[in-house]
């Protein structure tokens, strides 16, 4: 039995996205401790129900602040000395970097999950240069680096972030808990749903423009967007969202706490992203519930769609192509039903979270 510390960048993701992995570790007899910024009162109970110890660790996940980050590194090292894990497993950029550095200092084996390279690594500039150097340094210590799509794998090698190809293990995203997201009956009318942070690079503006065109051609169609405003650069303002809502172009749902119900109430899931996804978890949940997918022919997103079988792929930043795909779906109820069934079958065969957990734990000899 090993003592494993799992470090994430946002507390709710521990039970929203990592529960199958944490559960699999516990079922294999390991002592599992989870740590992340304590931003959600649901986390302690969720961890207790999984049989996982909860040890919050405070840090700002979205900003690089040299002085505070040095203090953060000291806190991680103190955390590691206090918990004395046999292995550290990190995910998201800051834990992957600072966790790797701290684990190296404390001589603790570590591995990183790259759940998408995001905008920092896909946009050239000083931020990319700095982040590349920092992650490269951390990955010299990480003995495994889990990636979710071939493009991220290539970038990690081409940028020299990972210097040993054998360290990289490809997984089917984070997988989806098929029992938590069962197949559900689909509404008869065309109801499109997108759940994401309100970022331009998630395709929010592209979807609003496509929805405007769709409303003109197919007034009975509904387009819903759920998610919270992102205060960082690249965010779509709440004024813009509310204006589209007030004009009847979209229905804005705000923050969606009950994702399963939102999916049950839609008939097509849409994510026109070029963000730099790993494999979008929201798409996997939509597939598991039996919804056809419209997404972009872009890293991470394209991995979820067999075009014409369980959904449609469109070019990035192309609102007209998105509109055309949505119109096809809106006008063909039978196609929506058949593609929805194909999505569920694909989720079962390719994206089962239990299989992803098995792959990771076997790779780590846990």
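Regarding region 130-149, can at least one residue be identified that is outside the structural domain of residue 305 (by TED's automatic domain parsing), assigned to a loop (DSSP other than H, G, I, E, B), surrounded by 17 or more Cβ atoms within 10 Å (Cβ to Cβ) and touching a residue at least 60 places away in the same chain (Cβ under 8 Å)?
Yes: region 130-149 contains one or more residues that are outside the structural domain of residue 305 (by TED's automatic domain parsing), assigned to a loop (DSSP other than H, G, I, E, B), surrounded by 17 or more Cβ atoms within 10 Å (Cβ to Cβ) and touching a residue at least 60 places away in the same chain (Cβ under 8 Å).
At pLDDT 95 or above, in a strand (DSSP E or B) and touching a helix residue (DSSP H, G or I) at 6+ places or on another chain (Cβ under 6 Å): which single residue out of 312, 287, 326 fits that description? Spell out the reasoning first.
Values: 287 fails: in a strand (DSSP E or B); 326 fails: in a strand (DSSP E or B).
The unique qualifying residue is 312.
With the requirement that a residue be touching a helix residue (DSSP H, G or I) at 6+ places or on another chain (Cβ under 6 Å) and surrounded by fewer than 18 Cβ atoms within 10 Å (Cβ to Cβ), what does region 34-56 give you?
51
Looking only at region 218-228, decide whether some residue is in contact with a helix residue (DSSP H, G or I) (Cβ under 6 Å, 6 or more places away or on another chain), farther than 25 Å from residue 16 by Cα, assigned to a loop (DSSP other than H, G, I, E, B) and not assigned by TED's automatic domain parsing to the domain that holds residue 116.
yes
Taking region 312-341 only, how many residues are over 18 Å from residue 210 (Cα atoms) and surrounded by 20 or more Cβ atoms within 10 Å (Cβ to Cβ)?
3
Quick one: which of 279, 270 is surrounded by 23 or more Cβ atoms within 10 Å (Cβ to Cβ) and assigned to a strand (DSSP E or B)?
Numbers: 279 fails: assigned to a strand (DSSP E or B).
The conditions single out 270.
What is the one condition in (1) surrounded by fewer than 19 Cβ atoms within 10 Å (Cβ to Cβ); (2) over 30 Å from residue 223 (Cα atoms) that residue 171 does not satisfy?
Evaluating residue 171 over (1) surrounded by fewer than 19 Cβ atoms within 10 Å (Cβ to Cβ); (2) over 30 Å from residue 223 (Cα atoms) leaves (1) as the failure.
The values are calculated or read from the model by the stated rules, or taken from the named source; none is laboratory data. Predicted model, so just to flag it, every value in this text is computed and none were measured. All Cβ positions, glycine included, derive from the backbone under ideal geometry; neighbour counts span all protein chains shown.
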